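Step one of this worksheet: look at the structure below.
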Amino acid sequence: MPSSFPLADSPWLSLPPASGGPAAEHGLRHTLVEAHALGELVVSSPTQRSAALRQLLLPVVVDALGRPADEREWVRWFEAGRWSEEQRRCLEAYLDEHAFDLFHPQRPFAQVPGLRTAKNETKGAGLLVATEATGNNVPLFAARTEGEPPKLSPSQAALWLLHAHCWDTAAIKTGAVGDPKVKAGKTTGNPTGPLGQMGVTLPTGRTLYETLLLNIPVGPPLRSDDLPQWKRADVFTPQWQERLPAGLLEVWTWQSRRIRLIPEETAEGVRVTRVVVAAGDRMPHTPELDPHTMWRLEPTGKPRAGTSRKGKTVPPRRPLRMQPGKAAWRGLDALLAPERQARDARENTAGFATSILLDQAGAVRADLGDDFPLRVELTGMAYGNQSAVVEDVMFDALPLPLAALGADTFAHAAVLEVAEQAEELAQAVNRLSADLRRAMGAEPIPWDKGQRPGELLLHALDPLVRRLLAGLRRVGEDIDAIEAGQLAWEQLALRRAWEIADRLLQTVPLAAYAGRTISQGEGRQDRTYRASLAEASFTNRCNEILHRATEDRREASRPHTPGDDDV
């Protein structure tokens, strides 16, 4: 049996140079100490990046160096652009002490030594891989069947091990010997991994060093009982518990499963082909100190907010989750709702608060500069069949203007207005479609069935919104430049909206122009639907939504009166 694969020095993390070029594999030591010279972590699934950062890279940095006490100290670290000599020595010493050996016989990293079932059963390594077919989890486009489990290299196995602790599916897990809660060889009621219950909001910079700092929340020294999993004895046993984490390091390194990798020598080298995956620790809910999620604030009139349900406390805020098929910019109202000016919940209306990390980035934007190329990655996972199956991995990345993180800035107002305009244009196109269908004697397309034309428009508007966001990163708070950008956006958005509308209008028969009268019921006036009325209504609505483009067209069409300036 292979005896060693220390993650501190064995190459397993793939990163390119920050200056550009092909990626190469590095050990954890080189990755962290030379973080200023490296770019973004290269992974096979975007969900692995957040897992690697939270389960290992970030907690090693914070446990070895502490964290900045306040935003001024954070800015000093950030402006240095790299670790100081003292910080490098501390990281080196920490990794000398903790080798993080993947196959250590007594303390294998993020695993339970000797973990086994009563019948010594094991399963294929595909159980760790979200995109592989195994058990009830049969992804639509899986490359292999369960009868062909993957052979994972040590570097692949390490990443998927961290991934399982963060994103694993829910439902029944194998019962492990030594777990007192096992019944009939199984453990039931397992939730998904903690990241599966939220949308992960990950700010990134130009180098790995900047990304690490952008993901470390400032604050006082961590509690003495807040330890990373490799310093806790209880996670090296099959027994698990349900509780809230003590602090940030526990949140990041939460062991939501008990796992054992089973390596073997093959013709290709060491490979992990079999695993044991059993129940692990459970969080009652996502703690508010988690820095990587945005929040939905429950309506204040909701009776169960903050009360008890089935013996469990229901918090007044819940993590926001990504929606399949919905671009990240369509959630800018939550992304840009800083904690210091959160959009408050009302009696019957939910509110939003952004992540701790984006709130912090907004607080130091004067030091970073409004032209800092901040990028925000949003990652989520959609589960099906009682969360026992992975249906979709969701990932999006936005260029986010730092100025937009200030609630009282022109850029903030601009990006929210653009997102709202896009949604309103989609609604206008859907209403045009509904009115045209009624004029033809048909029913509108149900909101939950089929593809409505508004979705086609949002898809067409997507690159325009991203282009505007990238442009706003360069202009800061230049109001003239922002207004020029919004005018250009509106002109292009109007063109895209009419491209969709023209397709709809060209498909209606002549009878639709004659119209159709629909009875509205007793005591209400009947309503007539005609294609011409639908087109006029759509035109008026576009003019209202895109007011800059409308006014610009009016100005251009006005006859010019000669005056003194023409002499």
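For the reader, a short list of remarks on this structure follows.
- With respect to being assigned by TED's automatic domain parsing to the domain that holds Gln55, among the aromatic types (Phe, Trp, Tyr) and within 24 Å of Phe5 (Cβ to Cβ), Trp254 fits the description.
- Residue among Glu298, Glu339 that is at pLDDT 75 or above, of a type in the set (Asp, Glu) and more than 29 Å from Leu425 (Cβ to Cβ): Glu298
- Taking strands (runs of 3 or more DSSP E) as the structural unit, those lying wholly within the range 346-411 and holding at least 1 residues that are in contact (Cβ under 8 Å) with a residue 60 or more places away in the chain and among the charged types (D, E, K, R) correspond to 375-384, 389-399.
- Residue tally, condition under 23 Å from Ala64 (Cβ atoms) and either charged (D, E, K, R) or crowded, with 18+ Cβ neighbours inside 10 Å (or both), over the range 243-286: 9
- Test: residue in the range 175-194 that is in contact with a Cys (Cβ under 9 Å, 6 or more places away or on another chain), modelled with pLDDT of 95 or more and either crowded, with 22+ Cβ neighbours inside 10 Å or outside any loop (DSSP other than H, G, I, E, B) (or both): yes
- Meets criteria (in the same structural domain as Leu195 (by TED's automatic domain parsing), touching a residue at least 24 places away in the same chain (Cβ under 8 Å), more than 19 Å from Gln360 (Cβ to Cβ) and not basic (Lys, Arg)) for Ala8: no
- Scanning the range 24-58 for residues that are in contact (Cβ under 8 Å) with a residue 24 or more places away in the chain, over 25 Å from Pro373 (Cβ atoms) and surrounded by fewer than 22 Cβ atoms within 10 Å (Cβ to Cβ) yields Glu25, Arg29, Ser44.
- Screening Leu416 on (1) more than 23 Å from the chain's Cα centre (by Cα); (2) assigned to a helix (DSSP H, G or I) shows it passes everything except condition (1).
- Scanning the range 485-538 for residues that are under 41 Å from the mean Cα position of the chain (by Cα) and charged (D, E, K, R) yields Glu490, Arg495, Arg496, Glu499, Asp502, Arg503, Glu535.
- Hits in the range 444-474 - residues which are under 20 Å from Arg495 (Cα atoms) and part of a loop (DSSP other than H, G, I, E, B): Arg452
- In the set (1) under 17 Å from Pro203 (Cα atoms); (2) surrounded by fewer than 18 Cβ atoms within 10 Å (Cβ to Cβ); (3) small (Gly, Ala, Ser), the condition left unmet by Ala18 is number (2).
- The condition (being touching a strand residue (DSSP E or B) at 6+ places or on another chain (Cβ under 8 Å), within 30 Å of Ile356 (Cβ to Cβ) and outside the structural domain of Arg375 (by TED's automatic domain parsing)) is satisfied by just one residue among Arg467, Arg473: Arg473.
- Of all residues making up the range 482-515, the number that are touching a Lys or Arg at 6+ places or on another chain (Cβ under 8 Å) and more than 20 Å from Arg467 (Cα to Cα): 4
- Residues that are hydrophobic (A, V, I, L, M, F, W, C) and either part of a strand (DSSP E or B) or within 26 Å of Val393 (Cα to Cα) (or both), drawn from the range 4-26: Trp12, Leu13, Leu15, Ala23, Ala24
- Members of the range 472-502 that are of a type in the set (Lys, Arg), at pLDDT 95 or above and either closer than 30 Å to Gly441 by Cβ or surrounded by 20 or more Cβ atoms within 10 Å (Cβ to Cβ) (or both): Arg496
The values are calculated or read from the model by the stated rules, or taken from the named source; none is laboratory data. Keep in mind it's a predicted model, so treat the numbers as computed, not measured. FYI the Cβ positions are ideal-geometry reconstructions off the backbone, even for glycines, and counts take in every protein chain you see.
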